[in-house]
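Report on the structure given below.
The values are calculated or read from the model by the stated rules, or taken from the named source; none is laboratory data. Being a predicted model, the structure only gives us computed values, none of them experimental. Positions of Cβ are backbone-derived with ideal geometry, glycine not excepted, and every protein chain shown enters the neighbour counts.
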Amino acid sequence: MKFSQIELEQAIQSIPYIQNLSALHFSQEQVSFDITFDFEELDKPIDFNIIIDQAYPLKISDSESIGFYLKDDEYKQFSHVMLNNAICFHNQHCITFHKKLQQDFQAIKQWIVKYVINQEKDEHYEHLITENCTYKETYFSFQFTD
């Protein structure tokens, strides 16, 4: 890991709308923990399981190395929630752990405000989200090319 458990705990404690850090498992390959987002505009707090891969704050194959997983299925109705309850988000590039963590948590807070509180719907998605299944005993995929 490019950060220590103490650095992680201090960074999370510095974010005012994050509470209830628990179930912290810290290893060289991955960190996982539970937290609660709670701020004034929310009717009720929202619980997440967070998984951070060892590359963090860097990306892995152009994907974020941090995952925010909703603990409650009731949020699957909102935009950008994947089948596994992960929030699909794209954030700013940053190589500083503390700053990147704050940016990522802020991105999830913005998702909560936009989609949960304001109930916005997107008419356009850049990526197709489809369930992995067969059609006539064959798997197909979508290729994004020009």
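Below, the figures for the structure above:
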{"item": "Whichever residue in the range 83-98 is in contact with a Lys or Arg (Cβ under 9 Å, 6 or more places away or on another chain) and under 19 Å from Ile112 (Cβ atoms) and, among such residues, is surrounded by the fewest Cβ atoms within 10 Å (Cβ to Cβ)", "result": "Gln92"}
{"item": "Top-ranked residue in the range 47-66 [being among the charged types (D, E, K, R) and either over 15 Å from Phe89 (Cα atoms) or buried (at least 16 other Cβ atoms within 10 Å of the Cβ) (or both); ranked as modelled with the highest pLDDT]", "result": "Asp47"}
{"item": "Given (1) crowded, with 19+ Cβ neighbours inside 10 Å; (2) over 21 Å from Ser22 (Cα atoms); (3) in contact (Cβ under 8 Å) with a residue 60 or more places away in the chain, index of the condition Phe105 fails", "result": "(2)"}
{"item": "Leading residue by the ranking (farthest from the chain's Cα centre (by Cα)) among those in the range 1-46 that are in a helix (DSSP H, G or I) and not charged (D, E, K, R)", "result": "Ile6"}
{"item": "Flag for Asp43 being exposed (fewer than 15 other Cβ atoms within 10 Å of the Cβ) and out of contact with any Lys or Arg (no Cβ under 7 Å at 6 or more places or on another chain)", "result": "yes"}
